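Following: one structure in structure tokens, then a few remarks.
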Amino acid sequence: VALFSVGRLKFGASPKSVGTVGCLQTVAKMGSDSFVNDLLRQSIESRLTFLRQQRSKGKKVVGLSGVGYTPEELILAAGAIPQRLIRGGDFEPVEATSQYISRFLSTFTRAQFGNYSTKKEPIYQEFDAIVGEVTSVNMGRQMDLFEYYTNLPVLPLGVPLNAATEGAMKFYKARLEQLRGSLEKMTGTKVTDEALKKQVAAYNRMRALLGEISALRKGKEIRLRGSEFLRLNHLTFFEEPDRANMLLEESLGKFKKREPVSSSDAPRILLLGCPLAAGDYALPTMIEQAGGAIVGEELGGGIRHYEAMTKLDGAPMDNLAERYLRGRLPTPYFRPWERRIPFFEKLATELRVDGVIWYQLLYEEAYTLESYWVEKKMSEHQIPFLIVESEYDIERKSEQVSTRVETFLSTIRRK
Amino acid sequence: LDQYDQLLEFCGFTKEEARDYMPTLKEGLKKWMIGPDKVKESVEVYLPTYFDLSLPPMRKMLGVWLEEFIKIPLLPKDRIMIDTILPQTDCSMLYSFKAAAPDKVWVGFLDWIAVLVNGGFFHNANALVDVAEKYGMDVNGALCPLNKTRYAMYIKGIVPNKTHTLMMNIICDDSPLTEEMIHQMYPDRTYLRHIMRVKDAPKGVWEDEDDLLVEHLGNEIRSAVYDIAEKAGIDYKPQHMMAAIENYRMYAEKVMALAMLMRNDPVPLRGIDFYYSIVPMAMGMDIDYPKTRGILEELHKCVKERVDKGVGVLPKGAPRVIWQTTAPHGENNWEIKMFEDYGVAAYWFDFGIPLPKYFMPPRKSDPFDIVAEMFLKYSLNVEPWARAELINQCVEQEGLSGVLWHQFWYCRHWGTEGQMVKQELEKKSKVPFVVFDGCWWHARDYGPEKLRTIFETASVMVKDYANKKTKAA
């Protein structure tokens, strides 16, 4: 009961405690001792050059606005380059959107448009079009922001949130076919089954590698940090699939040979909650600096989902629809709520976690609501639960947040 | 007369009717946690301040609302409850169940009835919001108080029976997710069926004219209605939907007739009275349309008399505006009155302004597709550019002098489209468009005097524009 009571504490809700010395410096370091950090930095830096070169050759760059329900395979098969809108972590672009829209919209959503409108993210300036993937009102408004305040062509991709129904699949397939038509018109390249299958194979390989790398955290000896896995996962959004796969393979080899990176008695933490953007690493870093080991995560559209593969046999468009609409774990905006909480329970059990930290971005309402039930479920398993809220302002209040995290981990250690 | 007698008198009950109804009233109010003090405050302050009690049919209309409100916690145990959330437009779907099994089902829109009476009559909406916040609808989440109200109604046991909910996922996520919260909390007390609209139409596409979108929504409605009917044990036929559509059409005609009278100068009926009279068109109530239609006919007669005599509720020439306030709820009846006190007539939403688009014959012939088409053409449900287009039609048709837009903090749909609608409208019209930012639901979130200054300033802007318009004419 005492442990559980820690759960609903949020930063700012109780007095400061000791133990936050050096926190700002810690956040600034952000795992800089890892080769993965350099890999991600290089990928992001070279991405801009790559996109510019490709555009100068006549290639089109298609921004993917959303949380991962747009098959990148389809964009590539049409001869274009997909680029997820996945950057975040800075408050400034979020704040800058207030001239366009109410602030009571998901932090992640506002960050994407803010990074575009303020030009803080140069990669976003290279888009020739954008897919407006709609999986929530937040994402619908993100599509609107691009439609109403930019000249970018927006290609709609509404995703029915009752994904298990036949009607939902019918609609999603129809929209995917329309998207295919729009892409073909834009690039002048016909999407063939062969091209799709080639891309499907590459992405399946990527998912398998991510799964293998992530599994290195399952055992008692942990050979990669959660923050490293998150960065590697994000890296795949900034590389062409073949090169991403090569980098993942090399990294896997290094991790396997490496000495354990966490002490064997480090509290094993499951990180759940809202989309974690590329660049938003303050919380994972704090957890690790406080001695916790992030052994698993489910962060909505903030990571590339790797648990479901796309079938290679049969009609590729149907296979893509099946995988993207129903294969991956849905976000909590999907209804009915059926799959997520059992999945979290399974993860917690399989990974033998000692605690769950819930990352709550402001105004992501589905996650706010869901957290209440996840906490209840975890309490049934005697697993302590902590919510950390953010509007990409964790670094500003790092002492408060790190105090919560440190207290939480200390409580687990005393258990 | 004690406050309970007074309440029933204000709500159009005869002495005999009041005597018979009194035990039910007291029992129902107790279930709603409304004590004698709240009733006293209601009859001394809220009802006489905000409603035109000089009109007998208006009293009867308030009586309908009160009865609907009292009925909910007292429903017989064998009554099948079919709730619909966020219809916004067309209640045919809901009333088709009433057509199929009139004596077996209760149909309605739980939270809207709750707030329009609990808040509008008794100034008691905060109480339920506070309850919801203790059970996972976290105050930091900026969640909609309308949905918090519904959630709290379950938690406090105000909803007595198992509900079959037709969740219209038309504009927002908060409502359907609240239903998921309720279902998590009471899986045995709810059967939940989502009707999913996909809101991804590109700018420039009218959704009601897009076959993929209409047919998808039509199919969703069809399958959900049959599913609910099966689960509730109702023998449902397509003709029930056709009967409900016709019933709805007849009611809408009366609403439109009243709306036409509102065009007269001076404006003959106050905004709040107009709203409470026409809103059953857009939200479910268990009472069927024929009764409310009769009251509307009486009200029309009274208002027509005022028009014929040149009598109004505001001075002749008072400018008119659209007052877009998100999640209309009785707790903010004072908003419209405040504008009226400053000499501005406010339509609550563009709701109630009959536009030619609404009267176009449906393109589809299947009854479920027709209902889908209605949903997708109505101004409150459309994309920002289309909303601006429809508002512009309202401005031109009704000679409006302002669009006053409450950018409600806790609404991801209406609370986030204001700037986009404004930008689009300004391409077509010079009418002032003022955005008000805030939440005025819970007393903790606003200060009336600060708002009075803001409302006064907006009213001055509107009057200036109206004067310039008159001079130019």
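Every number here is computed from the coordinates shown, using simple stated rules; none is lab data. Just so it is clear, the model here is predicted, and its values are computed rather than measured. Every residue, glycine as well, gets a Cβ built from its backbone with ideal geometry; the counts of neighbours run over all protein chains shown.
Annotations for the structure displayed:
- Restricting the trypsin sites (Lys or Arg not before Pro) of segment A:102-168 to loop positions (DSSP other than H, G, I, E, B) with no more than 13 neighbouring Cβ atoms within 10 Å leaves A:K119.
- For segment A:201-242, convex hull volume per residue from C-alpha positions, Å³: 55
- B:K162-B:K231 pseudo-label distance in nm [points 7 Å out on the Cα-to-Cβ vector]: 1.0
- Residues within the reach of a label modelled at A:E307 (point 7 angstrom out along Cα to beta-carbon, backbone nitrogen below 15 Å), restricted to segment A:214-229, are A:214-215.
- Per residue of peptide B:133-143, the mean number of Cβ atoms on other chains within 10 Å of the residue Cβ is 5.
- Distance between the modelled labels on A:K218 and B:W206, one decimal in nanometres: 5.7 nm (7 Å Cα→Cβ projection).
- Averaged over A:152-163, number of beta-carbon atoms from partner chains that fall within 10 Å: 4
- Available extension along the chain between A:E184 and A:E399 is 72.3 nm, counting 0.36 nm per residue and deducting the alpha carbon span.
- Segments B:142-154, B:255-267 sorted - mean Cβ within 10 Å per residue, highest first: B:142-154, B:255-267
- Kyte-Doolittle at least 0.5, axis length at least 30 Å by Cα - qualifying DSSP helices, chain A: none
- Of the residues B:T178, A:T150, the one with the fewest other Cβ atoms within 10 Å heads the list, and the complete ranking is A:T150, B:T178.
- When only Cα pairs below 8 angstrom with a gap of at least 6 residues are kept, chain B shows a relative contact order of 17 percent.
- FRET efficiency, A:T150 to B:D20 (Cβ-Cβ, R0 56 Å, nearest 0.05): 0.30
- Pair A:E250, A:S264: separation of 7 Å Cα→Cβ label points (nm): 3.3
- Working note: 222 nm ellipticity from helices only, DSSP H runs with n ≥ 4, each -39,500 (n - 2.57), summed and divided by the residues of the protein assembly as shown, gives -15500 deg cm²/dmol to the nearest 500.
- Take the Cβ atoms of B:S365 and B:K40, set R0 to 60 Å, and the FRET efficiency comes out at 0.65.
- Per-residue mean of foreign Cβ neighbours for B:191-202 is 6 (Cβ atoms of other chains, 10 Å radius).
- Shown for chain B are the DSSP H helices of 20 Å or more along their axis, judged by Cα atoms, with a mean Kyte-Doolittle hydropathy of at least -1.0: B:56-71, B:211-232, B:238-261, B:384-398, B:448-472.
- For segment A:274-356, GluC sites (Glu not before Pro) are listed when DSSP marks them as loop and at most 14 other Cβ atoms sit within 10 Å of their Cβ; the list is A:E307, A:E338.
- Candidates per trypsin sites (Lys or Arg not before Pro) in segment B:288-377, loop by DSSP, up to 10 other Cβ within 10 Å: B:K316
- Full extension of the chain between B:D464 and B:D265 yields a length gain of 69.8 nm, computed as 0.36 nm times the residue separation minus the alpha carbon distance.
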